[in-house]
Structure formats: structure tokens, C-alpha cells
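Structure first, commentary second.
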Amino acid sequence: MHLITCRHQNHERLGVLQEESIVLLPQEAGWPASMLELIAGGPALLARLRAELPRLTTRIAADKAELLAPIPRPRKNVMCLGLNYKDHAEEIARAKGLPIELPEHPVVFTKSPTSVTAPGADVPAHAGVTSELDWEVELGVVIGTGGRAIPRAQALAHVFGYTVINDLSARDLQFRHKQWFLGKSLDGFCPIGPAIVTADEIPDPQALRLACRVNGATKQDSSTAQMIFGVATIVETLSRAMTLEPGDVIATGTPAGVGFARQPPEFLKSGDVVECEIEKIGVLRNRIV
Ligand code: MG
């Protein structure tokens, strides 16, 4: 199922995207109004939704709905992997004139929950704060069943579903302040969506093509097979240190082709449209303003 959150008649609603239409989950029949509640309901609630979906009748045209991020306000920071694609780690080393060193352990940073924004939303360019706004298409992982010390072999069973994340980055702030948090957390810098695709539809998260286009020109085009640390290892590593909770969001890193590593460097400006696409999930489109 492609699960979405939208605003309908001034209320936040949950829905299932089916080609050109959205089936809204009726709250009057006891369905949750938020993705976090649905995830908290565990596999039993998801199974009930799957079984009852054919009988749910409230449909709206997908292009008439105002989509929100699937989880509009995560409970904690979005956890992110840095330098998690070999070709991206190499392009960064080259751009900085440093020797190529691949990480031996996952590089983890976070983005503020206030940076999360909707598919289709305008993203402020933050002129005056940054002049080096850059794109990063990433596979997003949403945790279903939480846990601590989750072994790699069981890790994918803890994934509720997958989504698309654009890890927008202010490179000047990211590098000037040493820690990446500030340059990754500007308001609007974490578009997520359009949907969370439930994990049953993506048995192998390491076999997905992902791409990023700016104004229609392809900038990134790779496969999640190129990740240095795969989803299962990421879940294992994070949960070894901390309790993962239902609804936690993880951005798994970006492949080569980001703007600042290009010759000459390229950055986003007002009016640019960025499209991040992942096979089996969809297209996340945002305009910089
Ligand atoms: Mg990133």
C-alpha cells in the first residue's frame, strides 16, 4: 500500500494512494487520523486496513488533495547517514582535495523535525542564510516495530515502509559549522513523500533505482545496491546504541551527483524544481522559492 497524509476539508487525514485517486480512512469508523497512530497500531492494524480497504468508499482525486509529508512532524530528529554511497564519498573527497577514505562505520547525523516539509511544497531558498543550497535524493526508512539491539537478520522486519527524502543541504553552513546539523536543518530542508510504501511491497530495499532531476536535467541516477551500509546494517547499528521507536525516520544517504561536488559547482536557486524519484515509491517534487 502507498500510504499518504493529506489535508482534506481542513483536517489532516490518512489515505491510501491508488493510481489517480486516494481512499480516505474514515475516522468515524475508528481509523486513525495520523500516520504515527497507524504505525503504533502495529502489524495487526495494517492487516485490518489491507483487508477492509476494498470496502472503503470515500475517494478523492489524487490531484485535488493537498499532500502533507507522510509523517508531517516526526517525534524526533530524522536520523541520516552521511557518505553512505561509495561514489558519493569519492566525489566529496575529490571536491575537497582530500584523499579518498570510505567510512569504516556508518556516519550518522540528524535533521530537525521542523525541517520536514510536504511533497509539492515550496522550499524557501533562505537567501542571506545560505548561498549553497544542494540536493540529495535518499531512500527513507520508517520504523514500524521499535526495539533495541535489533540483529541485522531481523532488522527488515522492523521496517514499516519506505519513502523518498530530499536531504536538502546548505553546504556553506554544513562545512563552516563542522557539525552538519545546522546546515541540514533549515526550515523546509527535509521534503518527504509522496507516500510511505509498506515494506511488503519492497522485499529488497537494496535493489531500487533512485534519481534526482533539477529542472528536468538528471543530476543523480544510481541504485540503492551501491550503499556502503545497507538498511539492515543501519537499523542494527542505530538500535545497538539507542531504542528505535515506531515512526522513527531514517535517511539512508545519497549517491554521487550532488551540486557542490560538480565542476563547476552547481547550487539551487529560486524557481528551480527538484524531483527525487525512487523506483516502486514515487516522485517527490519541490520548488525552491
Ligand atoms: Mg544526505
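Of (1) over 17 Å from the mean Cα position of the chain (by Cα); (2) closer than 28 Å to Ser34 by Cα, Val116 satisfies all except one. Which?
The failed condition is (1).
Can you name the number of the only condition in (1) more than 16 Å from the ligand (Cβ to nearest atom); (2) closer than 25 Å to Ile165 by Cα; (3) of a type in the set (D, E, K, R) that Glu28 fails?
Evaluating Glu28 over (1) more than 16 Å from the ligand (Cβ to nearest atom); (2) closer than 25 Å to Ile165 by Cα; (3) of a type in the set (D, E, K, R) leaves (2) as the failure.
Looking at Ala33, is it assigned to a helix (DSSP H, G or I), surrounded by fewer than 16 Cβ atoms within 10 Å (Cβ to Cβ) and not aromatic (Phe, Trp, Tyr)?
no
Answer yes if at least one residue in region 147-158 is touching a His at 6+ places or on another chain (Cβ under 9 Å), under 27 Å from Leu38 (Cβ atoms) and more than 16 Å from the ligand (Cβ to nearest atom), and no otherwise.
Among the residues of region 147-158, at least one is touching a His at 6+ places or on another chain (Cβ under 9 Å), under 27 Å from Leu38 (Cβ atoms) and more than 16 Å from the ligand (Cβ to nearest atom), which makes the answer yes.
Would region 84-91 turn up any residue that is at pLDDT 95 or above and part of a strand (DSSP E or B)?
Checking region 84-91: at least one residue is at pLDDT 95 or above and part of a strand (DSSP E or B).
Note down all Cβ pairs under 8 Å where the first residue falls in region 222-246 and is among the polar types (S, T, N, Q), the second is surrounded by fewer than 20 Cβ atoms within 10 Å (Cβ to Cβ) and assigned to a helix (DSSP H, G or I), and they're at least six residues apart or on different chains.
Ser222/Asp87; Gln226/Lys86; Gln226/Asp87; Thr233/Arg152
Test Ser169 against the stated conditions and say whether it is surrounded by 20 or more Cβ atoms within 10 Å (Cβ to Cβ) and within 13 Å of the ligand (Cβ to nearest atom).
yes
Pick from Arg73, Arg59: which is more than 12 Å from the ligand (Cβ to nearest atom), surrounded by fewer than 21 Cβ atoms within 10 Å (Cβ to Cβ), closer than 18 Å to Lys184 by Cβ and not assigned by TED's automatic domain parsing to the domain that holds Leu284?
Testing whether each residue is more than 12 Å from the ligand (Cβ to nearest atom), surrounded by fewer than 21 Cβ atoms within 10 Å (Cβ to Cβ), closer than 18 Å to Lys184 by Cβ and not assigned by TED's automatic domain parsing to the domain that holds Leu284 leaves just Arg73.
Based on this model, can you work out whether Pro106 counts as closer than 15 Å to Cys6 by Cβ and touching a residue at least 60 places away in the same chain (Cβ under 8 Å)?
Criteria not met by Pro106.
Can you tell me how many residues within region 267-289 are free of Cβ contacts under 8 Å to residues at least 60 places away in the same chain and assigned to a loop (DSSP other than H, G, I, E, B)?
2
If we scan region 79-98, do we find a residue that is open to solvent by less than 20 Å² (accessible area, probe 1.4 Å), within 16 Å of the ligand (Cβ to nearest atom) and in contact with a Lys or Arg (Cβ under 8 Å, 6 or more places away or on another chain)?
yes
The values are calculated or read from the model by the stated rules, or taken from the named source; none is laboratory data. From a predicted model like this one, the values you see are computed outputs, not experimental measurements. Every residue, glycine as well, gets a Cβ built from its backbone with ideal geometry; the counts of neighbours run over all protein chains shown. Just so you know, the surface numbers come from the protein's heavy atoms only, side chains and all, with ligands and any DNA or RNA stripped out. Shrake-Rupley method; radii C 1.70, N 1.55, O 1.52, S 1.80 Å.
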